[in-house]
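First comes the structure, then the notes that go with it.
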Protein chains: 2
Amino acid sequence: MTGLRERKKAETRAALGWAAIHLTVERGYDNVRVEDIAEAAGVSPRTFNNYFSSKAEAIAFRHLDRSLRTAAALRERPADEPLWAALTGAALEQFTPGPEVEAMPSPVHTQWVTGVRAMLAEPALQGERLRAVAVAEAELAAAVAERTGTDLATDMYPRLVAAAASAAVAVAVRHYLDSAAPPTPIERLITDAFTQVAAGLPAPPR
Amino acid sequence: MTGLRERKKAETRAALGWAAIHLTVERGYDNVRVEDIAEAAGVSPRTFNNYFSSKAEAIAFRHLDRSLRTAAALRERPADEPLWAALTGAALEQFTPGPEVEAMPSPVHTQWVTGVRAMLAEPALQGERLRAVAVAEAELAAAVAERTGTDLATDMYPRLVAAAASAAVAVAVRHYLDSAAPPTPIERLITDAFTQVAAGLPAPPR
DNA sequence: TCATTTTTTGCGTGTCACGCATATTTGCGT
DNA sequence: ACGCAAATATGCGTGACACGCAAAAAATGA
């Protein structure tokens, strides 16, 4: 199943995606040419376009990959767990910081975060990021349909759930990034968001 | 306030946006050059880029414009109307078919719908459409914050509501377009979607 | 009517996506 | 271990595109 061929392909794709992010965070989006990314990944410029059809897509690749795991995580959840508890859990699983971030020395890390923020603010990238979310949402909807025994073709329900869940995560992450010195951990924000959504987002008392 | 200058500008923008959609639906996305769009709108190719920074943006313009009106519609709603009723109403207002669609003869209309479907399926356009939704969502969140007396800076609530409402509309529209011979009118689908969301999307009994 | 500001236009430049043909690498049966 | 077929990487060429810059044209207000 997982021959050398596929593994090498996945590695090349990952290398290109990582190089794209790395260079963009370092220099800014439009100071990076496709040629640079290809060089950093050790392949020809032409090969870049065999993997990604645009610079933006390469940068968004990691994001897409992570998002897709949410749907996979949901399928792994015990079948008797209530839907919204399972969704919350699946989402939370995606937000354990990876080792490559954890191991970063503090001054470098600060600089890195600044660069990442600039990258996320880049208008040319937002579209691609959103598209990645949309793709992941489709997977999530399928998983929800399975779990709840609803039908993607006839019921709006699974797509509504998937969209609401994606929105909850997105809003929580945004809230987290927007607050300069985050007093609230991302896990709590995500949990809160899911709780509110599952409660039907009632208007607060005035 | 609304001098000849601004009016002409708005007209040119609308003409370009409309021409972009029209040609794309007719011929397919990559059989349309920027030059064609400019010509159809009676403007130089260079001017096109004074209004839109990409072909995709031009096509998504009408979508963005309509989406922004939802936030405006919400502000027009009576202040004593319950939030979710107001949201549903504001969304429904955007879906009264325009005269240019209403007046279309049936065979042409069918062909048109097919073209529109192809257009919406175009990967190169999805990102831009989603970005438009994101922009509109920000406006909607602001309107929700106003109406509910919550704070955009500290509460996730208004953004959650805006995101959930946008999702409800998007899912309903998608459901409508996906069903070949729509037995369910779009108004009912939207109402249903909002009802489900406002109820907290409870898992259906199995 | 005239000066100022805004908009449109033409041109040049650097980048990019992608088709096509060729060289290289990988998988697999023998 | 070997060699063939399929998959993959590369080089080159082409058409399209975004955008900066400066000049022309149009609109506004006095």
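Selection of segment B:101-136 for residues being away from every other protein chain (no Cβ under 14 Å) and either surrounded by 13 or more Cβ atoms within 10 Å (Cβ to Cβ) or in contact with a helix residue (DSSP H, G or I) (Cβ under 9 Å, 6 or more places away or on another chain) (or both) yields B:V101, B:M104, B:H109, B:Q111, B:W112, B:V113, B:T114, B:G115, B:V116, B:R117, B:A118, B:M119. A:D178 satisfies every condition listed in (1) within 30 Å of A:V113 (Cβ to Cβ); (2) crowded, with 16+ Cβ neighbours inside 10 Å; (3) without any contact (Cβ under 8 Å) to a residue 60 or more places away in the chain except (2).
Take the conditions (1) surrounded by fewer than 19 Cβ atoms within 10 Å (Cβ to Cβ); (2) among the hydroxyl-bearing types (S, T, Y); (3) near DNA strand D (Cβ under 10 Å from one of its atoms); B:T12 misses just one of them, which is (3). Sub-7 Å Cβ pairs linking a first residue in segment B:29-47 that is over 9 Å from B:L16 (Cα atoms) to a second residue that is among the polar types (S, T, N, Q), at least 6 apart or interchain, are B:V32/B:T24, ordered by first then second residue. Tallying residues that are part of a helix (DSSP H, G or I) and facing another protein chain (nearest Cβ under 7 Å) within segment B:141-169 yields 9. Checking each residue in segment A:179-201 for being part of a loop (DSSP other than H, G, I, E, B) and on the phi < 0 side of the Ramachandran plot picks out A:S179, A:A180, A:A181, A:P182, A:P183, A:T184, A:P185, A:A199. Residues in segment A:1-17 that are out of contact with any helix residue (DSSP H, G or I) (no Cβ under 7 Å at 6 or more places or on another chain) and away from DNA strand C (no atom under 12 Å from the Cβ): A:A14 only.
Residues that are modelled with pLDDT under 95, β-branched (V, I, T), within 11 Å of DNA strand C (Cβ to nearest atom) and in a helix (DSSP H, G or I) do not occur anywhere in segment A:114-126. For segment A:28-100, the helices (runs of 4 or more DSSP H) that sit wholly inside it and include 2 or more residues that are near DNA strand C (Cβ under 10 Å from one of its atoms) are A:34-41, A:45-51, A:55-76. Looking across segment B:23-45 at every residue that is closer than 16 Å to B:V113 by Cα and surrounded by fewer than 17 Cβ atoms within 10 Å (Cβ to Cβ), the one that is farthest from DNA strand D (Cβ to nearest atom) is identified as B:E26.
The values are calculated or read from the model by the stated rules, or taken from the named source; none is laboratory data. Bear in mind that the values here come from a model prediction, so they are computed numbers and not experimental data. Positions of Cβ are generated from backbone atoms using ideal geometry, with glycine treated the same way; all protein chains shown enter the neighbour counts.
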